[in-house]
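Quick notes on the structure that follows.
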């Protein structure tokens, strides 16, 4: 079932009807190193978070990315693939590549600079040849869909929350709903200037949701999503969202990862809310990589 109206979504009470019988956290993650790191002008057209016009250090970005991989490896296997200067946004692989049990997905990217990432033989070989996953290629279908950049998934229940923008339309959302094998999806419009749903919200291990109403075109959509999680809804301010606090991810049941800048921006009430929901905040400095318009969650591809 795919719904777009907040009132219909709340009335359907789908989260109550979907059993939490699937894995809520991944069994491993993959990353792509920021080699030849620079800011891609093409994808900056609809990403206001990119710090265009500022100097960037490829060496600093690589150092921070290696530290991220080491930190994540303290919780689960973390594999890193080499980067390519011809695909500078590849440091955010979760938009192009994703997995569900037994299958791997290729997204239909909006910008040609990102479409080139899907041609990599090594990542394809890893999923198909090493893991033995079947390919579900979304590129031929007409809808734009940038995978878990646009679509935030409650993996434990098989429920998707999809932010519509230039990076994902209704056709693309429906294609992802089928490809991920979701039981239900709620589509909502992102606020003007927002490009990906995973910047304004995140579902943590199926137990909690983090969201900023400022990132939604309709506050009723944010309220409908929050209602799915009751007291385990963590509301962020605009300032916290701007620091990428919404771009967080739970890789294990008791911890949540975000960038150091995001963690530093959290208000005491927000920190307490994470703790109340049973999550210890873990962070890594990613300020150089964040100049490219994404943060920690964007760097992490999940292996289910």
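Using C-alpha pairs below 8 Å separated by at least 6 residues, the relative contact order for the range 2-303 is 23 percent. Neighbour counting of Cβ atoms within 10 Å sorts the residues 14, 86, fewest neighbours leading, into 86, 14. Rounded to the nearest angstrom and listed largest first, the equivalent-ellipsoid semi-axes of the range 28-82 from its Cα gyration tensor are 25, 13, 10.
For the chain, modelled as a Gaussian network with Cα springs under 10 Å, which listed residue fluctuates most, 101, 26, 15? Comparing 101, 26, 15 in a Gaussian network model of the chain, the most mobile one is 101. With a ≥ b ≥ c taken as the square roots of the eigenvalues of the C-alpha gyration tensor of the range 87-184, please select rounded if a/c is under 1.5 and otherwise prolate if a/b is larger than b/c or oblate if it is not? Verdict is oblate for the range 87-184. Averaging over all projection directions, the Cα-based convex hull of the range 173-304 occupies 8.0 nm² in the image plane. Calculated mean residue ellipticity, 222 nm, the chain: -7500 deg cm²/dmol, from DSSP H runs (n ≥ 4) at -39500 (n - 2.57) each, averaged per residue and rounded to 500. Shape class for the range 149-249: oblate, because the ratio a/c of the largest to smallest gyration tensor axis (alpha-carbon atoms, square roots of eigenvalues) is 1.5 or more and b/c is at least a/b.
Picking from 202, 270, 259, which is most flexible by a Gaussian network model of the chain using Cα springs under 10 Å? Comparing 202, 270, 259 in the GNM, the peak value goes to 270. Residue order for 304, 195, fewest other beta carbons within 10 angstrom first, comes to 304, 195.
Counted by neighbouring Cβ atoms within 10 Å, the residues 109, 52 run from fewest to most as 52, 109. Annotation for the range 10-36 versus the range 266-280: alpha-carbon center distance of 21 Å. Seen through its C-alpha gyration tensor, with square-root eigenvalues sorted a ≥ b ≥ c, the chain comes out rounded because a/c lies under 1.5.
Here, each number is a calculation from the coordinates, and none is a lab measurement. These numbers come from a predicted model, not from an experiment. Quick reminder, even Gly has a Cβ in these numbers, built from the backbone with ideal geometry, and neighbours come from all protein chains shown.
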